[in-house]
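Notes follow once the structure below has been shown.
The values are calculated or read from the model by the stated rules, or taken from the named source; none is laboratory data. No experiment lies behind these values; they were computed from the predicted model shown. Glycine gets a Cβ as well: all are built from the backbone with ideal geometry, and neighbour counts include every protein chain shown. We work out accessible area using only protein heavy atoms, side chains counted, and drop any ligands, DNA or RNA first. Shrake-Rupley method; radii C 1.70, N 1.55, O 1.52, S 1.80 Å.
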Amino acid sequence: MVTNEFKNYAEEALVHTYNRFPVAFDHGEGVYLYDTDGKKYLDFAAGIAVNAFGYHVEEYNNALKAQMDKLIHISNLFYTEPMAEAAHKLVKASGLKRVFFTNSGTEAIEGAIKVARKYAHKKDGCTDHEIIAMEHSFHGRSMGALSVTGNAHYREAFGPGIGHVIFAKYNDLEDVKAKITDKTCAILFETVQGEGGIYPGEADFIKQIRKLCDEKDILLILDEIQCGMGRTGKMFAYQHYGILPDVMTTAKALGCGVPVGAFVVGERAENALEPGDHGSTYGGNPLVCAAVSKVFDMFESRHVLDHVNEVAPYLDKRLSQLAAEFDVVKETRGMGLIRALELKAPAGPYINKALEKGLVIISAGANIIRFVPPLVITKENVDEMYEILKSCLEEL
Ligand SMILES: *Cc1c(COP(=O)(O)O)cnc(C)c1O
């Protein structure tokens with residue numbers, strides 16, 4: 001717990017965009033965090049699905065330290081080996097063709113939107129193309145990403161958005177179909193909706209949309225910023241459905257803690273953007289790319305996907321137990337290590353109680369507890385989480 005004095009000191013100098021928990025974290029070790037008083041916490045949030053390997057990972061840290069002493073930044077006017085290597089590894093893991101590195105998820109979405117508009121512009125020269133996005137989606141906070149985010153509460157005060165965005169119901173093929181016009185340049189959605197409450201895309205929906213996009217030459221953009229990078233048990237969640245998107249966005253666990261994202265384009269869209277169409281000063285600098293490169297190596301050498309596929313059913317089982325034992329739990333759902341416990345009451349008090357008891361969990365919507373732990377958690381960690389959460393459910 002931070003003192004009121006520290007809280008006031010911090011708030012004094014920060015824009016008030018977050019209601020932070022009254023904890024200041026100092027360091028981490030494995031899947032545990034330690035606050036400035038030395039109190040230990042089990043982490044089931046991973047910095048919002050970022051820290052796939054947990055904390056103080058020597059192999060990863062050493063790769064960053066080595067790169068830091070060589071070259072941190074050089075701009076995109078020059079080549080670097082770390083960027084070329086990271087791009088090839090991302091291309092291989094995604095099954096797509098080319099990568100543009102960004103500094104965040106929201107910027108990856110901005111880039112994806114530009115790819116779609118440019119792709120359509122090249123065909124007909126028009127500048128009024130439409131994007132179909134989904135209700136209850138989340139794609140980020142910059143103006144473009146916000147404009148395709150299906151949550152009016154986030155958008156309203158900041159209008160007008162980029163325009164020409166039409167929202168359809170997620171997992172509702174007929175609704176999407178009804179909203180396609182000859183101006184539609186892209187259909188955009190999260191393969192698993194994250195912030196909106198952890199709703200996996202249905203296989204039929206995803207496959208049929210892929211078909212529709214092929215028939216009508218519309219780009220399918222899949223946002224894998226939260227659900228990608230091994231979280232569902234495949235490197236990218238769309239790999240469960242046997243399809244490829246035309247554009248894919250990734251960030252969060254891509255760099256496991258350094259600020260990096262990317263949009264990755266497939267065959268159809270690989271040449272949509274041309275020299276001068278897009279850029280970023282920092283995007284994919286050697287420091288973050290050394291991290292990305294090491295992250296892909298560690299996924300392989302540590303058999304992370306196998307581990308996720310082994311531990312995830314156990315997490316599901318334990319959460320299902322809580323759903324059966326407690327009336328206040330409505331249901332549990334998710335895929336791999338991105339899961340939800342939906343309550344019939346606000347999740348806030350339970351999350352605060354858990355934090356007091358040394359468990360970090362977060363919400364995804366008012367009534368939903370979200371579980372996006374480091375991918376390296378063990379069954380013993382799941383048991384520990386279960387016991388703490390159970391005691392919170394009993395006491396409240
Ligand atoms: C977090 C998130 C974003 C935004 O990423 P930032 O790095 O916060 O800009 C976009 N889409 C999804 C699905 C996300 O979970």
Legend entry - Extension gain (nm, one decimal) between Asn19 and Ala157, 0.36 nm per residue minus Cα-Cα: 47.8 nm
Inset, instruction - Can you grab the distance from the C-alpha centre of the stretch 117-160 to the C-alpha centre of the stretch 12-84, Å, no decimals? - result: 30 Å
Inset, instruction - Measure out, as a whole number of angstrom, how far apart the alpha-carbon centroids of the stretch 241-261 and the stretch 292-363 sit. - result: 20 Å
Legend entry - For the stretch 290-387: rounded, prolate or oblate by the Cα gyration tensor [a/c cutoff 1.5]: prolate
Inset, instruction - Quick one: grab the alpha carbon gyration tensor of the stretch 161-284, order the square roots of its eigenvalues as a ≥ b ≥ c, and give me rounded if a/c is under 1.5, else prolate or oblate depending on whether a/b is larger than b/c. - result: oblate
Legend entry - Solvent-accessible area, 1.4 Å probe, carbon plus sulfur percent, for the chain: 52 percent
Inset, instruction - Using R₀ = 35 Å, calculate the FRET efficiency as 1/(1 + (r/R₀)^6) where r is the Cβ-Cβ separation of Met1 and Glu135; round to 0.05. - result: 0.40
Legend entry - Binned Cα-Cα distances of the chain, short to long, each 10 Å bin given as a whole percent: 5, 22, 32, 27, 12, 2, 0
Inset, instruction - Quick one: accessible surface of Lys357, probe radius 1.4 Å, all protein chains present, in square angstrom to the nearest 10. - result: 80 Å²
Legend entry - Per-residue ³J(HN,Hα) for the stretch 359-376, Karplus 6.51 cos²θ - 1.76 cosθ + 1.60, θ = phi - 60°, Hz, x for Gly and Pro: 10, 9, 10, 10, 9, 8, x, 4, 9, 10, 8, 9, 10, 9, x, x, 5, 8
Legend entry - Which listed pairs, of Lys122/Lys179; Lys123/Lys207; Lys216/Lys317, have C-alpha distances above 31 Å, in listed order: Lys216/Lys317
Legend entry - Calculated FRET efficiency for the pair Ser280/Glu356, C-beta based, R₀ 35 Å, to 0.05: 0.30
Legend entry - Which of Glu270, Glu325 is most accessible, then next, and so on - probe 1.4 Å: Glu325, Glu270
Inset, instruction - Assign one of three labels to the stretch 82-167, namely rounded, prolate or oblate, based on the Cα gyration tensor with a ≥ b ≥ c the square roots of its eigenvalues; rounded applies when a/c is under 1.5, prolate when it is not and a/b is larger than b/c, and oblate otherwise. - result: oblate
Legend entry - Test item: Cα-centred dipole of the chain, Lys/Arg +1 and Asp/Glu -1 on Cβ, debye: 580 debye
